[in-house]
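Below is one structure; the comments refer to it alone.
Taken together, the values in this text are just the output of simple stated rules run on the coordinates, not laboratory data. Everything quoted here is computed from the prediction, not taken from an experiment. With ideal geometry, Cβ positions are generated from the backbone for all residues, glycine too; neighbour counts draw on all protein chains shown.
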Amino acid sequence: MIDMSSLAQCIDPLAPLFWDQFWRVRSAFLVPGVEARDIAEKCGSIRPGNAFLEIGVGDGRNLLVVCQAGLRVHGIDFSSVAIARAKARLQKEGFSVDLELGSAGNLPYPDEHFAFITAIDVLNHLPEPEVCMAEVHRVLAPEGRVYANALSVRDPNRAMVASLGREVAHNLYQLPSPEYESGQEVSCIMRYYEIEDVKRIIGGFGCETPLQEYVRIDGGDLPPFSSVTHEHVFWRLDLRKVAIQ
């Protein structure tokens with residue numbers, strides 16, 4: 001059995017390099033995914049002026065709908081290129097947002113600070129997702145909401161990922177980056193979840209809606225996925241921080 005903490009120590013310093021390059025080669029902003037619709041709907045139940053956090057802001061596609069809801073918006077990503085792209089996108093629409101460079105496993109925010117937290121396409125790339133979810137629980141206010149997703153083991157691209165990388169633990173794949181000449185093997189993690197895996201990492205939260213899978217269609221413009229349309233299958237995590245009795 002591989003030591004996840006040791007794997008995390010190897011991956012964490014290198015992962016930003018992979019994602020910096022990922023965002024550099026994308027010529028256009030990503031179109032908001034199906035998750036943006038759900039996020040916008042849930043923002044309607046959050047009182048304007050309350051604090052919101054997005055973990056893994058990417059190029060800011062999901063932050064646009066939150067800015068329009070009147071919340072105090074914060075975001076974090078460990079890619080400096082992603083942060084720059086997100087700021088540019090939001091500024092173009094007239095929004096100024098507090099975005100920070102940092103790790104999902106060590107959030108630089110006080111306890112019980114946020115009313116609503118999202119983490120879209122984040123848990124798929126973490127060697128220790130339970131560490132991230134523990135941090136989410138810490139910074140979330142009592143009765144606060146969480147909306148996240150996680151790749152299902154039924155995702156049709158799993159076989160392709162397995163062929164490109166190597167399985168370092170059950171349903172956890174390590175992918176080499178074709179963009180770097182250094183030959184560093186640890187660059188990107190892809191994790192797939194059974195329903196029991198999801199239940200394991202959401203302890204301390206209550207489910208607002210039952211755990212269920214959904215499909216998202218993405219277009220790829222990053223080698224080796226150029227000009228490929230991907231149908232992804234995710235678990236939807238619609239959670240609330242439950243009060244301790």
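Brief remarks on what is shown
- Difference of contour (0.36 nm per residue) and Cα-Cα distance, Glu196 to Arg240: 14.0 nm
- Remark: segment 134-143, residue by residue, has Karplus-estimated 3J(HN,Hα) of 5, 5, 4, 4, 5, 8, 8, 5, x, 6 Hz, where x stands for each Gly or Pro and the curve is 6.51 cos²θ - 1.76 cosθ + 1.60 at θ = phi - 60°.
- Glu231-Ser80 pseudo-label distance in nm [points 7 Å out on the Cα-to-Cβ vector]: 4.1
- Protection proxy ranking for 130-137, 166-173, using the average of other Cβ atoms within 10 Å per residue and placing the highest first: 130-137, 166-173.
- Ordering Leu239, Leu17, Leu126 from the fewest to the most neighbouring beta carbons within 10 Å gives Leu17, Leu239, Leu126.
- Long-range HN-HN contacts of His74 with modeled amide H, under 5 Å: Phe52, Leu53, Glu54
- Sites Ala169 and Glu143, calculated FRET efficiency, Cβ-Cβ separation with R0 30 Å, nearest 0.05: 0.30
- Proximal lysines to Lys241, defined as alpha-carbon separation beneath 17 angstrom and excluding residues fewer than eight positions away on the same chain: Lys42, Lys199
- Spin-label pair Ala134-Gln91: with each label point 7 Å from Cα along the Cα-Cβ axis, the two points sit 3.8 nm from one another.
- Simple spin-label estimate for Val161 and Asp98 gives 3.3 nm between the two label positions (7 Å along the Cα-to-Cβ direction from each Cα).
- Backbone geometry of segment 147-153 corresponds, through the Karplus equation with coefficients 6.51, -1.76 and 1.60 at θ = phi - 60°, to 3J(HN,Hα) couplings of 10, 8, 9, 8, 4, 7, 5 Hz, x marking Gly and Pro.
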